[in-house]
Structure formats: structure tokens, C-alpha cells
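Engineer: Right, I'll just put the structure down here and ask away after.
The values are calculated or read from the model by the stated rules, or taken from the named source; none is laboratory data. A quick note: this is a predicted structure, and the numbers were derived from the prediction, not measured. Counting neighbours? That spans all protein chains shown, and the Cβs are built from the backbone with ideal geometry, glycine included.
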């Protein structure tokens, strides 16, 4: 199926799903009333360069940010989730990442699989968004424009990883993970939008601006990676052969990505707890 065929299929299929949802008690979802854009490219804002808003996939990016998760080290402590809640100021009922227990090792050791946004190279959420609220920025990370989001939830329905979350209520109370796990670095999102993991892009950009290296310097690295006291999460630039992620992936040829057969090109790699679990964990 070509990329255009796939895009049209997603639009038609998800429009039908959203329409059907009204009949099963989900009529609170604000469906878009305007016609979908007539071009393949969603609209961009006039006050920002197109290369930042949409990204240019025909030009090489200076960075290729990826996350590597070592399942042999993850103990399911949820320190990563607490840090994410604090630094990104998420509501108590929304978690931008989740930690699931999966099949144990052959000797009975428990195995966990953290699942953040995959920041897919060929992201279904970007293709399906009718207003350009979900987009690839210049370095390929999948971002949200919360001012543009109309809450149609097409992106949430299209995500094969289940890592997008609709904000049903305004978050006005205290954050239970602040200050113990950190302090908010981004504004709270409004009611009626879909929110998701950003790889703590505010930390990446702030660090690069002052000469820090994401993945090496904690202040420029996603909060979940820094919070993991067991070293289960790594982050860095795959374009840099000396980055922690490049080294880890060279050392572990058994690394895998979730649902690779879909062709989404996720930027999160997993190191299985033992090689025999590679197939069952994916």
C-alpha cells in the first residue's frame, strides 16, 4: 500500500470509528466540523519556519534522538513515571509512559517493559491529524501543538502503541509528584486536547543551547532517563557513534523495537532481558 493510500485509509477508517463512538456513549469527543485539508501537508503556522513546524524529511537532521531501554535492568519501580509526572506536570490520571510486566525469563525473573511515545519516523498520528496539531519537528521528534489541537482524538485512535492520552478535565490541583520527583518545566495542557511524551524536548533544547550533550549531561536528558537509578534507560544521538545509545546498540545486536512490522520506524529500542525473549516480547 502506498503512503497516499495508507493516509486515505487511515482518514476514512478513523472517521468511521469516531462517528460510531458517538452511538456508544462517547459523544463528548469534539469531532472536527471543518473539511479535512485538500493537500497532503497539514497547515503550518505563519509565525514559525516550516522546517521547525513540519520538519524536512528530505534533508538529514543534525540529530537522531533515540531511547534505549534495557529490560534486564528495569525493576518496575516507577521512578521514571514519577519524574515524568513532575517535570511535565501531567494530571494524576494521565501518564505519558507506562511500565508493564511481561513474560518472565526462563529462570523466573520478572521482566518489565516501559513504553513511552515511540516518536515514529513514519508516524500514523502525524498522517491522520486533520489540522496539523501533531507534527515532526526538524530533528524528527513527534510534537504536539496544543493550541492547534481540536480534540478529535484521531491521533489517539491511530497510535499502535497506545501512548496518547485525551485530557478530559482541566488539571488545576497540586501535582502529587512535586517536589519529591522534580519541578514542572512546561505549562499544563488545557482540557480537550490529546497529550503525550515529548522526550522532554524542553530539556534537550535548553541543554543544546548552553553546550550540553543530551544523553551525557543530566540537565539535557529526558527526566525519566535521569531518574532511573538502575540505568535501565539510555538516551542520545544515534548520529553520534560515541553516544550511550550508539554504544549500547552496537554491543547488543539482539535489540528490537515494538511492532516493527508496521513500518512506523519507532525511535525506542529495547534490549531484551535475555535473548530468548526477543520474539515473545515484541
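Engineer: Taking the range 93-106 on its own, how many of its residues are over 15 Å from residue 196 (Cβ atoms) and surrounded by fewer than 17 Cβ atoms within 10 Å (Cβ to Cβ)?
Structural biologist: Residues that pass the stated criteria total 7.
Engineer: Might you check whether a residue that is in contact (Cβ under 8 Å) with a residue 40 or more places away in the chain and either under 16 Å from the mean Cα position of the chain (by Cα) or within 24 Å of residue 100 (Cβ to Cβ) (or both) occurs anywhere in the range 206-218?
Structural biologist: Looking for residues that are in contact (Cβ under 8 Å) with a residue 40 or more places away in the chain and either under 16 Å from the mean Cα position of the chain (by Cα) or within 24 Å of residue 100 (Cβ to Cβ) (or both), one finds none in the range 206-218, hence no.
Engineer: Moving on to the next point. Working only within the range 237-261, note down all residues that are loosely packed, with under 15 Cβ neighbours inside 10 Å and either part of a helix (DSSP H, G or I) or touching a strand residue (DSSP E or B) at 6+ places or on another chain (Cβ under 7 Å) (or both).
Structural biologist: Across the range 237-261, the qualifying residues are 250, 251, 260, 261.
Engineer: Mind listing just one residue for me: the one in the range 57-73 that is within 19 Å of the chain's Cα centre (by Cα) and assigned to a loop (DSSP other than H, G, I, E, B) and, of those, modelled with the lowest pLDDT?
Structural biologist: Of everything passing the filter in the range 57-73, 57 is modelled with the lowest pLDDT.
Engineer: I've got another one for you. Answer yes or no: is there a residue in the range 263-270 that is touching a helix residue (DSSP H, G or I) at 6+ places or on another chain (Cβ under 7 Å), in a helix (DSSP H, G or I), surrounded by 16 or more Cβ atoms within 10 Å (Cβ to Cβ) and touching a residue at least 24 places away in the same chain (Cβ under 8 Å).
Structural biologist: There is no residue in the range 263-270 that is touching a helix residue (DSSP H, G or I) at 6+ places or on another chain (Cβ under 7 Å), in a helix (DSSP H, G or I), surrounded by 16 or more Cβ atoms within 10 Å (Cβ to Cβ) and touching a residue at least 24 places away in the same chain (Cβ under 8 Å).
Engineer: Could I ask something else about it? Looking at the structure I just gave you, is residue 188 surrounded by 13 or more Cβ atoms within 10 Å (Cβ to Cβ), touching a residue at least 24 places away in the same chain (Cβ under 8 Å) and part of a helix (DSSP H, G or I)?
Structural biologist: No; evaluated as a whole, the condition is false for this residue.
Engineer: What number of residues within the range 105-119 are in contact with a helix residue (DSSP H, G or I) (Cβ under 8 Å, 6 or more places away or on another chain) and in a loop (DSSP other than H, G, I, E, B)?
Structural biologist: The number of residues fulfilling the criteria is 3.
Engineer: Does the range 156-173 include one or more residues that are surrounded by fewer than 12 Cβ atoms within 10 Å (Cβ to Cβ), touching a helix residue (DSSP H, G or I) at 6+ places or on another chain (Cβ under 9 Å), within 18 Å of residue 143 (Cα to Cα) and modelled with pLDDT of 95 or more?
Structural biologist: Yes, some residue in the range 156-173 is surrounded by fewer than 12 Cβ atoms within 10 Å (Cβ to Cβ), touching a helix residue (DSSP H, G or I) at 6+ places or on another chain (Cβ under 9 Å), within 18 Å of residue 143 (Cα to Cα) and modelled with pLDDT of 95 or more.
Engineer: Answer yes if at least one residue in the range 107-117 is surrounded by 18 or more Cβ atoms within 10 Å (Cβ to Cβ), under 26 Å from residue 185 (Cβ atoms) and out of contact with any strand residue (DSSP E or B) (no Cβ under 7 Å at 6 or more places or on another chain), and no otherwise.
Structural biologist: No, that holds for no residue.
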